[in-house]
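Shown next, in structure tokens, is the structure this report addresses.
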Amino acid sequence: MRVGIDYRPVTAAPYSGIARQVLALEQALLAAGQEVVRFSMAPAAHPHRQLACCPEQAVPAEGLHRPRARLAFELGFLPGALRREGIGLYIATANSGLPLRRPRTLKRQVLLLHDVFQLTLPGRHASRLRGAVYAAMDRFLIGHAVRGADAIWTPSRFSANEAARLFAGAGARTFVLPNAVSPLAVPDAASDPLLPARYWLVVGTREPRKNIPFLLQSWQLLREQGRALPALVLVGDPADVPVELGKLPGLHWRSGLTDAQLSRLYHDAERLWHPATAEGFGLPVIEALRCGTPVAVATGSALDEITPAQALRFDPLDPASLQQALIAALPGRLAEEEPEALQAAAGVFGVVPYQQRVAQLLQELQR
């Protein structure tokens with residue numbers, strides 16, 4: 001059976017978390033002996049025009065998510081392209097993206113549903129009108145994909161339960177496919193000379209659910225009280241937090257990093273903090289563990305599933321709980337976490353277990 005996959009996330013943002021999962025899925029399908037056909041939109045000279053089936057009309061990579069482009073692809077181009085290519089199984093890879101008119105020749109269609117936060121939580125948009133437009137589009141397209149999928153693959157039980165809560169009948173068609181986390185790049189030989197010797201790390205700040213102001217406020221308060229909390233390094237944009245918090249003493253922002261630079265930050269950090277109020281998987285947590293770096297995570301979402309039992313935890317809505325965790329993380333207060341044990345905990349999310357799970361899900365789908 002020829003398998004089609006939505007390659008647009010890789011075209012639009014090749015280094016994003018979702019794009020990395022699309023690439024992992026592509027390799028898993030090939031490892032399972034499937035013939036893979038990629039479908040995308042791309043600018044005129046983009047190399048994906050040679051790699052994937054694309055509409056004739058060129059689309060800027062940064063415009064692939066816009067309503068007009070998405071509807072033109074999923075309604076106008078995709079149904080006919082799937083039929084012409086003889087696709088028997090199509091996998092939408094970014095929370096939605098199934099053809100709006102399902103070809104009769106398409107025997108199975110699968111939705112890779114990373115999370116449902118587009119439906120349950122506010123996002124960041126340039127204006128209120130733009131936010132309303134995207135919210136309406138997400139409700140329609142995600143709803144269509146969930147209802148039309150023969151199977152829904154989610155990276156966590158948390159996301160599976162949320163899908164079942166929002167869509168009647170989705171639970172019986174939903175299966176957990178934990179994300180694949182490849183080994184990080186070899187870290188830069190030298191540490192960043194502008195960073196202090198000791199620091200804690202946060203990776204990802206954009207969405208409000210990342211809860212970064214909550215962490216910064218408690219961290220600042222304890223430092224003002226004389227607690228010797230390390231500096232904080234945030235991989236993200238200072239514009240993601242209020243101005244007064246983005247310029248705190250001891251706060252260091254980094255962005256535009258190479259894989260080797262990010263790997264260096266993970267290896268050098270004393271601990272990774274992940275204060276999100278909602279998370280569908282938590283890729284930075286596994287990446288830190290792969291480096292042998294301890295983590296401290298918020299409770300109440302998929303982070304509960306992926307984090308080792310001995311990891312430091314806190315309530316993402318309770319400042320007192322977070323402050324207790326921040327103090328507990330100071331040297332000498334917790335039993336030392338062996339890097340080898342942390343790396344072993346992350347190993348269950350490696351490429352080989354992922355490929356084995358994809359092969360199992362394909363077999364179940366065929367049955």
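Laboratory data are not the source of any read-out in this text; all were calculated from the coordinates shown. The model shown is predicted, which means the values in this text are computed figures rather than measured ones. With ideal geometry, Cβ positions are generated from the backbone for all residues, glycine too; neighbour counts draw on all protein chains shown.
Can you name every residue in region 211-231 that is out of contact with any Lys or Arg (no Cβ under 6 Å at 6 or more places or on another chain) and either closer than 22 Å to residue 258 by Cβ or part of a loop (DSSP other than H, G, I, E, B) (or both)?
Matches in region 211-231: 211, 225, 226, 227, 228, 231.
So if I check each of 320, 325, which one is without any contact (Cβ under 8 Å) to a residue 40 or more places away in the chain, surrounded by fewer than 16 Cβ atoms within 10 Å (Cβ to Cβ) and in a helix (DSSP H, G or I)?
Testing whether each residue is without any contact (Cβ under 8 Å) to a residue 40 or more places away in the chain, surrounded by fewer than 16 Cβ atoms within 10 Å (Cβ to Cβ) and in a helix (DSSP H, G or I) leaves just 320.
What residue, of 342, 330, is under 17 Å from residue 201 (Cβ atoms) and either within 21 Å of the chain's Cα centre (by Cα) or buried (at least 21 other Cβ atoms within 10 Å of the Cβ) (or both)?
Just a single option satisfies the conditions, and that option is 342.
Out of everything in region 84-137 that is surrounded by fewer than 17 Cβ atoms within 10 Å (Cβ to Cβ) and hydroxyl-bearing (Ser, Thr, Tyr), what residue ends up being nearest to residue 2 (Cα to Cα)?
105
Could you please let me know if residue 2 is surrounded by fewer than 19 Cβ atoms within 10 Å (Cβ to Cβ), more than 22 Å from the chain's Cα centre (by Cα), farther than 30 Å from residue 256 by Cβ and not aliphatic (A, V, I, L, M)?
So residue 2 passes the test.
Test of understanding: among 72, 42, 31, 24, which residue is out of contact with any Cys (no Cβ under 9 Å at 6 or more places or on another chain) and farther than 21 Å from residue 355 by Cα?
72
Return a yes/no flag: does region 129-136 have any residue that is closer than 30 Å to residue 261 by Cβ and in contact (Cβ under 8 Å) with a residue 40 or more places away in the chain.
Taking every residue of region 129-136 in turn, none turns out to be closer than 30 Å to residue 261 by Cβ and in contact (Cβ under 8 Å) with a residue 40 or more places away in the chain.
Conditions (1) closer than 20 Å to residue 189 by Cα; (2) assigned to a loop (DSSP other than H, G, I, E, B); (3) of a type in the set (Phe, Trp, Tyr); (4) without any contact (Cβ under 8 Å) to a residue 24 or more places away in the chain, marked per residue:
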| position | (1), (2), (3), (4) |
| --- | --- |
| 233 | yes, no, no, no |
| 244 | no, no, no, yes |
| 260 | yes, no, no, no |
| 263 | yes, no, no, no |
| 267 | yes, no, no, no |
| 273 | no, no, yes, no |
| 280 | no, yes, no, no |
| 286 | no, no, no, no |
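Does residue 166 satisfy being surrounded by fewer than 17 Cβ atoms within 10 Å (Cβ to Cβ), in contact (Cβ under 8 Å) with a residue 40 or more places away in the chain, touching a strand residue (DSSP E or B) at 6+ places or on another chain (Cβ under 8 Å) and more than 20 Å from residue 283 (Cβ to Cβ)?
Spelling it out, it is not the case that residue 166 is surrounded by fewer than 17 Cβ atoms within 10 Å (Cβ to Cβ), in contact (Cβ under 8 Å) with a residue 40 or more places away in the chain, touching a strand residue (DSSP E or B) at 6+ places or on another chain (Cβ under 8 Å) and more than 20 Å from residue 283 (Cβ to Cβ).
When you check residue 259 against the structure, is it farther than 24 Å from residue 330 by Cβ and in contact with a Ser or Thr (Cβ under 9 Å, 6 or more places away or on another chain), yes or no?
no
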